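Colleague: Take this structure first; my questions come after.
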Amino acid sequence: MAKTLFEKIWDAHVVQAADAESPATLYIDLHLVHEVTSPQAFTMLRERGLTVRRPSQTLATMDHSTPTTPRGADGIIPVTDEIARKQLNQLIQNCSDFGVPLYNLGTENQGIVHVIGPEQGYTQPGMTIVCGDSHTSTHGAFGALAFGIGTSEVGHVLATQCLLQQKPQTAEIRIDGTLRAGVTAKDIILAIIAKIGVGGGTGYVLEYTGSAIRALSMEERMTICNMSIEGGARAGLIAPDEITFAWLKDRPHTPKGEAWDAAVAYWRTLPSDEGASYDLQVVLNADELAPMITYGTNPGMGIPVTGNVPAPSDLADDSQRMALDKALNYMGLQPNQPLIGQKVDVVFLGSCTNSRISDLRAAAKLLDGKKVADGLRMLVVPGSQQVKRQAEAEGLDQIFRAAGAEWREAGCSMCIAMNGDQLQPGQYAVSTSNRNFEGRQGKGGRTFLASPLTAAATAINGHIVDVREIL
Amino acid sequence: MQPINTFQAKAVALPIENIDTDQIIPARYLKVTDKNGLGEALFTDWRGEPDFVLNQPYAQGAGVLIAGHNFGCGSSREHAPWALQGFGFQAVISTYFADIFKGNALKNGLLPIVVDAATLARLTEQCLANQTIDVSVDLANQQVHVAGETISFPIDAFSKHCLLHGVDQLGYIQAQEAAIQAYETSHAARVNTVGV
């Protein structure tokens with residue numbers, strides 16, 4: 001029977017099949033761990049006298065509560081928040097006690113968990129990957145079944161390397177056509193979420209297909225899969241192909257020599273079979289897409305940057321009308337107003353969605369020789385120490401600094417605002433991150449989600465612009 | 001986990017759709033290393049508004065939250081159900097729940113009760129008109145008794161069994177040790193993170 005990519009990976013990881021009474025038990029190939037969602041899981045292991053079953057299939061890093069402020073003269077990144085310091089120290093202790101490898105703050109491979117997994121070649125096609133973090137969907141760009149889990153499940157995987165899972169449904173998100181200049185992978189995923197809504201993918205694994213997806217680089221594919229969760233889907237998938245293999249080859253932890261050849265031969269069997277069926281299909285045309293931006297307080301509230309903010313009075317559904325009214329009130333926006341020209345206080349370039357080297361290059365190209373607008377603050381936060389070094393080797397940091405932007409250490413930074421980087425109440429930000437929920441980037445802060453290109457163009461102008469007009 | 005079967009509680013309504021985990025508990029409260037005290041931070045930014053439902057005297061002691069569509073979207077933070085339970089909630093009623101939130105809630109004994117849109121609208125209206133309504137939940141029969149009517153709700157068989165009997169899901173997986181070992185014997189590990 002013809003199988004989807006999802007079904008092939010699922011079937012290859014079933015330890016005990018589901019029956020009428022119980023979910024399936026799935027084997028997990030790679031478990032990524034960070035400081036925020038793991039402490040209570042390690043505590044549970046201690047309380048029950050358990051060990052980590054497979055430390056060699058577990059990797060920890062620090063990213064969420066870590067400061068991204070520049071290093072001191074001693075080369076150390078200062079942690080001034082005592083509660084955060086305690087949490088970071090707890091991770092060091094837990095990893096030491098249980099034998100879990102850790103990329104400690106400021107060390108050469110440390111970074112955002114969803115940046116370093118692929119970067120180091122741990123993330124590979126056909127794998128099951130979990131992390132106590134909803135943006136684990138990022139790794140689906142490689143054709144890995146990757147999804148976020150809660151802290152109880154972190155404990156399950158630490159102890160058994162397995163998870164109990166109800167089998168999700170599958171949806172094909174097909175995007176054919178060719179992106180126009182100035183339109184990016186971020187705009188594709190924002191358009192998808194605007195179409196299906198923040199709950200539209202609930203219960204589904206999304207597989208992105210079509211010629212527009214096949215044309216994307218790995219980093220662009222990661223941006224798309226990253227935000228699958230913002231449409232409610234736990235996981236996104238893109239079939240591995242030559243672009244995937246080329247990107248992975250010779251990474252530190254990918255197979256080498258004959259083992260590489262064997263791995264690639266297996267990976268070539270993974271794409272969905274001809275005639276495989278999905279429970280749902282959604283179709284978009286890349287030719288018709290424009291740069292996207294959000295106007296509201298969830299990632300589904302997105303419009304083309306040249307569009308107008310919708311009006312609550314146009315909505316027939318009471319619940320939707322109330323939600324839009326609440327969102328516009330929080331955002332301080334008027335129905336039917338354009339977003340072009342909207343003044344912005346902060347531009348944030350970073351997060352597991354858009355902090356990779358290609359994102360920084362794209363923004364630097366626009367900022368080269370230009371200045372960030374007077375009074376606007378721009379933070380550039382590389383996704384990992386490796387991305388930071390690469391950017392510095394290419395002189396991108398100099399471009400950002402010369403433009404008046406802040407060049408930071410690697411971490412989640414202002415995407416999650418639990419590390420000192422945050423908006424002030426009432427401030428507007430264009431952010432390349434993934435969530436525009438109320439207060440997400442700081443209590444009272446107001447977020448417009450957009451691509452690195454739109455973010456850079458906005459930084460130069462001080463207000464929201466259509467990046468296509470300056471390309 | 002303590003078994004759950006039947007319970008009675010006062011319900012309050014928070015009729016907002018797509019309530020995300022950043023509203024349930026903002027990230028700045030996630031720097032803790034235990035589960036204690038999170039109830040105080042539940043909906044903390046909304047509780048800054050005097051009119052917010054959980055600030056009202058009648059909401060104190062509430063055990064059921066009647067929410068809008070799609071409750072719990074956003075992050076994987078298990079702090080969200082911990083915070084709801086810390087405040088005293090035993091169940092949330094909505095038309096559907098975000099997948100990760102739902103899984104987290106069930107593992108902690110916080111019951112996600114799914115009802116259709118018309119039922120949710122009716123319950124919300126009754127609750128808003130009376131400030132609170134008394135709800136009786138019967139998990140074994142998958143029923144909610146409220147305002148003279150009986151509403152059935154779905155729940156997967158395994159989660160129901162675990163909640164009714166206080167079954168620990170980790171213990172259930174550990175009992176499959178032979179199958180896990182067999183899998184590991186027949187499938188070489190795909191990564192080795194040790195020694196990095």
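Colleague: Pairs, please: C-beta under 7 Å, at least 6 apart or cross-chain, first residue surrounded by fewer than 12 Cβ atoms within 10 Å (Cβ to Cβ) and in segment A:265-289, second part of a loop (DSSP other than H, G, I, E, B)?
Modeller: A:E274/A:A2; A:G275/A:A2
Colleague: Can you confirm whether B:H165 is under 14 Å from B:T6 (Cα atoms) and either within 14 Å of chain A (Cβ to nearest Cβ) or surrounded by fewer than 16 Cβ atoms within 10 Å (Cβ to Cβ) (or both)?
Modeller: So B:H165 fits the description; yes.
Colleague: Could you tell me which of the residues B:A157, B:A178, B:A147, B:A182 is in contact with a Lys or Arg (Cβ under 9 Å, 6 or more places away or on another chain) and surrounded by fewer than 17 Cβ atoms within 10 Å (Cβ to Cβ)? Don't jump to the end; show me each part of the working.
Modeller: On the way: B:A157 fails: in contact with a Lys or Arg (Cβ under 9 Å, 6 or more places away or on another chain); B:A178 fails: in contact with a Lys or Arg (Cβ under 9 Å, 6 or more places away or on another chain); B:A182 fails: in contact with a Lys or Arg (Cβ under 9 Å, 6 or more places away or on another chain).
Residue meeting the stated conditions: B:A147.
Colleague: If you don't mind, another one. Scan segment A:293-330 residue by residue and report those that are buried (at least 19 other Cβ atoms within 10 Å of the Cβ), hydrophobic (A, V, I, L, M, F, W, C) and part of a helix (DSSP H, G or I).
Modeller: The answer is A:A323, A:L324, A:A327, A:L328.
Colleague: May I ask you to verify whether A:L32 is part of a loop (DSSP other than H, G, I, E, B), within 23 Å of B:Q169 (Cβ to Cβ) and touching a residue at least 12 places away in the same chain (Cβ under 8 Å)?
Modeller: no
Colleague: Sticking with this structure for a sec: Within segment A:224-252, work out how many residues are under 16 Å from A:R174 (Cα atoms) and of a type in the set (S, T, Y).
Modeller: 1
Colleague: Among the numbered criteria (1) modelled with pLDDT of 95 or more; (2) surrounded by fewer than 15 Cβ atoms within 10 Å (Cβ to Cβ); (3) touching a Pro at 6+ places or on another chain (Cβ under 8 Å), which one does B:G195 miss?
Modeller: (1)
Colleague: Sticking with this structure for a sec: Does A:A362 count as buried (at least 17 other Cβ atoms within 10 Å of the Cβ), away from chain B (no Cβ under 14 Å) and in a helix (DSSP H, G or I)?
Modeller: Considered against the rule, which asks whether it is buried (at least 17 other Cβ atoms within 10 Å of the Cβ), away from chain B (no Cβ under 14 Å) and in a helix (DSSP H, G or I), A:A362 comes out as yes.
Colleague: Considering only segment A:253-261, I want to know if a residue exists there that is more than 20 Å from A:P452 (Cβ to Cβ), crowded, with 21+ Cβ neighbours inside 10 Å and not hydroxyl-bearing (S, T, Y).
Modeller: Step one: filter segment A:253-261 for residues more than 20 Å from A:P452 (Cβ to Cβ), giving A:253-261.
Adding the requirement that they be crowded, with 21+ Cβ neighbours inside 10 Å leaves none.
Looking for residues that are more than 20 Å from A:P452 (Cβ to Cβ), crowded, with 21+ Cβ neighbours inside 10 Å and not hydroxyl-bearing (S, T, Y), one finds none in segment A:253-261, hence no.
Colleague: A follow-up question, please. Would you call A:I9 at pLDDT 95 or above, out of contact with any Lys or Arg (no Cβ under 8 Å at 6 or more places or on another chain) and farther than 19 Å from B:Q169 by Cα?
Modeller: yes
Colleague: Additional query: Could you list all residues from segment A:416-461 that are part of a loop (DSSP other than H, G, I, E, B), away from chain B (no Cβ under 12 Å) and surrounded by fewer than 24 Cβ atoms within 10 Å (Cβ to Cβ)?
Modeller: A:Q424, A:G426, A:Q427
Colleague: Continuing with the same structure: Of all the residues that make up segment A:134-143, how many are facing chain B (nearest Cβ under 10 Å) and more than 21 Å from B:D20 (Cα to Cα)?
Modeller: 0
Colleague: If I filter segment B:31-43 down to residues being surrounded by fewer than 18 Cβ atoms within 10 Å (Cβ to Cβ) and more than 7 Å from every other protein chain (Cβ to nearest Cβ), which single residue comes out as nearest to the chain's Cα centre (by Cα)?
Modeller: The residue in question is B:G39.
Colleague: Which of (1) free of Cβ contacts under 8 Å to residues at least 12 places away in the same chain; (2) surrounded by fewer than 19 Cβ atoms within 10 Å (Cβ to Cβ); (3) within 13 Å of chain A (Cβ to nearest Cβ) does B:M1 not meet, given it meets every other one?
Modeller: Among (1) free of Cβ contacts under 8 Å to residues at least 12 places away in the same chain; (2) surrounded by fewer than 19 Cβ atoms within 10 Å (Cβ to Cβ); (3) within 13 Å of chain A (Cβ to nearest Cβ), the lone unmet condition for B:M1 is (1).
Colleague: Filter segment B:12-30 for residues that are in a strand (DSSP E or B) and touching a helix residue (DSSP H, G or I) at 6+ places or on another chain (Cβ under 6 Å); which is surrounded by the fewest Cβ atoms within 10 Å (Cβ to Cβ)?
Modeller: To start, the set of residues in segment B:12-30 that are in a strand (DSSP E or B) comprises B:12-14, B:20.
Checking the rest, the ones that are also touching a helix residue (DSSP H, G or I) at 6+ places or on another chain (Cβ under 6 Å) come to B:12-14.
On the way: B:V12: 24, B:A13: 26, B:L14: 21.
Filtering first and then ranking leaves B:L14.
The values are calculated or read from the model by the stated rules, or taken from the named source; none is laboratory data. Keep in mind that this is a model prediction, so the values were computed, not measured. Heads up, the Cβs are rebuilt from the backbone with ideal geometry, glycines too, and the neighbour counts pull from every protein chain shown.
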